[in-house]
Structures are given as C-alpha cells and as structure tokens.
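Below is one structure; the comments refer to it alone.
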Amino acid sequence: MLTLVTYPPAFGQPSGSPFCVKALYLLNLSGLPWQRKDTADPRNWPKGKLPALWVDDEIIGDSDNIRTWLEERGAHFDAGLSDLDRATSRAFIRMAEEHMYFHIVLDRWADKAVWPIVRDTYFATIPAFLRKFISRGIRRMLLRGMDAQGLGRLTAGERLERIEPDLQAITDRLWHGPFLFGAQPSAADASVAAMLGAMASTPGGTALSRRVSQDVMLVDYMRRVQAALG
Ligand SMILES: N[C@@H](CCC(=O)N[C@@H](CS)C(=O)NCC(=O)O)C(=O)O
C-alpha cells in the first residue's frame with residue numbers, strides 16, 4: 001500500500017501544504033490505491049519537508065519525485081497532450097510551484113494579522129505555552145529566506161500586482177476548456193489548483209485570498225479539480 005505522508009487538512013483544504021494537496025491529487029489521478037498518514041512535523045522526512053511517499057522500505061520525498069515515481073510505474077498524467085502542451089504544462093507547473101507558492105508563504109507567514117491564526121493551526125500539536133516561542137524562530141528563518149529570494153521585499157500591494165499576470169494566464173487557458181489542457185485533468189491541474197486553493201483559503205481575508213476566492217472562473221475551476229481529483 002502506498003502511504004502519503006502529509007500535513008493535516010487546514011483551512012478547508014485537504015492539507016495545509018499545497019505540495020501535499022498536489023501529491024494527493026496526483027495519487028488520485030494515478031488510480032493506484034493509497035492511504036494518508038498525517039503529521040505536523042517534517043523533520044524526519046527527506047530534506048525535512050513534506051509530502052513524502054512511503055512504499056514498503058522506500059521513502060520518496062518531494063512531490064516532483066513522487067510524480068516521477070508514479071510515472072515510472074505506469075501513470076500517464078499528461079495522456080493526450082501534444083508536445084507543445086506538455087512543454088507549456090511544464091512552465092505552468094513551475095509558475096505555480098516556484099512563484100505562486102511564495103505568495104502563499106508570504107500571505108500566511110508575513111502578514112501580522114494572519115500569522116497568529118496560521119501559527120495556531122500549523123503548530124496546533126505544540127502546547128500553547130511553547131507554541132509562540134518555538135514558531136518564532138522558524139518564522140524568522142523563513143522570512144529571511146523570502147527576503148533573500150526577493151518577493152519578501154515587495155509590499156502587499158506590489159505582490160498583488162506581481163501575481164495578477166499568473167492568474168490571468170490561468171484564466172486565459174480556462175476559456176478553452178474545463179481543465180488547463182483540455183477536457184481531462186492533467187499534471188498541471190494538480191499543481192495549479194492546489195496553489196489556487198491555498199491562496200483562496202488563507203485565513204484572515206487577505207487581498208490575495210479575496211482576489212482568488214471572488215473570481216468565479218477560478219472558483220469553478222478549483223471545484224472541478226476537487227471533484228475530479230480530491
Ligand atoms: N519541492 C517540494 C516542496 C515541498 C515543501 O516546500 N514543503 C513545505 C510545506 S509547503 C515544507 O514541508 N516545509 C517544511 C520546512 O521547510 O521546514 C515538493 O514539491 O514537495
């Protein structure tokens with residue numbers, strides 16, 4: 001049996017981590033039977049991150065490696081896509097995971113009004129009297145990383161302007177079909193819908209969560225992916 005090690009559900013999403021949601025969507029798309037094991041502590045898993053796929057005595061870390069592992073065993077996530085669409089799909093996945101994702105991180109970890117809600121959800125298993133102390137160092141390190149990456153230096157307004165073309169690119173594709181690359185869900189939907197779901201569900205009513213959750217086209221799309229792969 002395949003076991004997906006994942007962060008627990010949060011904010012109405014199947015997991016607090018969009019990468020875990022992506023892995024869960026890919027597993028459902030593969031058609032293989034699997035089960036989940038929830039943990040809030042990533043330290044003992046590959047690279048200290050989640051998701052991970054646990055298969056007998058093998059542990060595959062990283063959602064990209066999980067995708068490759070499933071494909072090597074027969075999963076066809078991009079069945080029916082042309083070479084051109086497969087190339088575009090790759091770029092959409094990178095856009096989602098290497099750009100959109102960091103907007104979610106900043107929305108959740110940098111916003112002073114949102115952070116206490118996120119902290120009490122992500123670190124719920126740590127006793128309340130220790131939670132602030134333990135999470136403070138983790139938050140400081142993460143925000144330092146975002147500052148070095150660059151997006152952390154933008155104001156919330158500048159971030160919203162920066163993300164808008166990504167959301168437009170997704171919407172442009174959705175004018176042409178129910179999923180990003182046609183009538184059936186494919187690998188890009190797993191990544192993109194997971195990131196959109198996380199954006200929309202960030203608590204505290206941030207500008208980004210409002211932008212995504214009030215966009216009828218994106219909301220309908222997330223519902224379709226959830227119905228097909230969730
Ligand atoms: N490239 C990885 C990214 C996974 C990732 O960044 N996971 C985050 C949660 S969204 C994590 O576990 N972070 C824990 C940490 O950095 O300490 C993937 O695709 O699986």
Margin query: Step by step: first the residues of segment 61-101, then only those that are of a type in the set (S, T, N, Q) and buried (at least 19 other Cβ atoms within 10 Å of the Cβ), then the one that is nearest to residue 229 (Cα to Cα). Which residue is that?
Written below: 63
Notebook entry, point to check: When the residues of segment 49-58 are filtered to those that are in contact with a Gly (Cβ under 9 Å, 6 or more places away or on another chain) and farther than 16 Å from residue 10 by Cβ, which remaining residue is farthest from the ligand (Cβ to nearest atom)?
Noted result: 53
Checklist line | Tabulated pairs, segment 15-43, first more than 13 Å from the ligand (Cβ to nearest atom), second among the hydrophobic types (A, V, I, L, M, F, W, C) and modelled with pLDDT under 95, C-beta under 8 angstrom, 6+ apart or interchain | finding: 33/1; 34/1; 35/1
Next item on the list: Considering each residue of segment 39-60, count those that are touching a helix residue (DSSP H, G or I) at 6+ places or on another chain (Cβ under 9 Å) and surrounded by fewer than 23 Cβ atoms within 10 Å (Cβ to Cβ), and give that number.
Entry: 8
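For (1) within 14 Å of the ligand (Cβ to nearest atom); (2) in contact with a helix residue (DSSP H, G or I) (Cβ under 8 Å, 6 or more places away or on another chain); (3) at pLDDT below 95, each residue gets a yes or a no:
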position: 71; (1), (2), (3): no, no, no
position: 75; (1), (2), (3): no, yes, no
position: 83; (1), (2), (3): no, no, no
position: 87; (1), (2), (3): no, no, no
position: 94; (1), (2), (3): yes, no, no
position: 97; (1), (2), (3): yes, yes, no
position: 106; (1), (2), (3): yes, yes, no
position: 114; (1), (2), (3): no, yes, no
position: 129; (1), (2), (3): no, no, yes
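The values are calculated or read from the model by the stated rules, or taken from the named source; none is laboratory data. These figures come from a predicted structure and were not determined experimentally. FYI the Cβ positions are ideal-geometry reconstructions off the backbone, even for glycines, and counts take in every protein chain you see.
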